[in-house]
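The values are calculated or read from the model by the stated rules, or taken from the named source; none is laboratory data. The model shown is predicted, which means the values in this text are computed figures rather than measured ones. Methodologically, a virtual Cβ is constructed for each residue, glycine included, from the backbone with ideal geometry; neighbour enumeration extends over all protein chains shown.
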Amino acid sequence: MPMVPPTWNERERVEEYVARMEQGTVSTAVAVSTLDVCQPAVSFGDDPSVHWGLTHFLLDGHHKLEAAATAGRPVRLLSLLALGEGLAGADDCARLPALRAQPRSARATGT
């Protein structure tokens, strides 16, 4: 989630990052993040679904992210999780490292 509108980005700087990324550079952006873990307000049958939302608020890297989107290239994200600021308990936060270590396909299916 950007903290400033993309129109505030300097075109020359974005183009500089695009050129670097096309040469193989992988840039790093920095964000502060919150974790929300919620259940639906209304349950239908035996559905014990729980919804996890990890939101990243971009602090530094707005030019890099626009460049990555333009060039179709990856960006690393250094995320600083603000423990206790979201709707997640301490146990949920403690599970994050193990969940992040799972292969992407396992994370997407919840297995």
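Below is a table of values for the structure above.
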{"read-out": "Yes/no for T70 being in contact with a helix residue (DSSP H, G or I) (Cβ under 6 Å, 6 or more places away or on another chain) and at pLDDT 90 or above", "value": "yes"}
{"read-out": "Subset of the range 37-75 (residues that are farther than 15 Å from M1 by Cα and in a strand (DSSP E or B))", "value": "V37, C38, H51, W52"}
{"read-out": "Top-ranked residue of the range 5-32 - restricted to ones that are surrounded by fewer than 17 Cβ atoms within 10 Å (Cβ to Cβ) and hydroxyl-bearing (S, T, Y), ranked as modelled with the lowest pLDDT", "value": "T7"}
{"read-out": "Unmet criterion (only one of (1) among the small types (G, A, S); (2) out of contact with any Leu (no Cβ under 6 Å at 6 or more places or on another chain); (3) at pLDDT 95 or above) for A90", "value": "(3)"}
{"read-out": "Counted residues, the range 33-59 - those being surrounded by 12 or more Cβ atoms within 10 Å (Cβ to Cβ) and within 16 Å of the chain's Cα centre (by Cα)", "value": "13"}
{"read-out": "Where a residue in the range 94-110 is within 18 Å of V37 (Cα to Cα) and its partner, wherever it lies, is exposed (fewer than 11 other Cβ atoms within 10 Å of the Cβ) and at pLDDT below 85, with Cβ under 9 Å and at least six apart", "value": "R107/R100"}
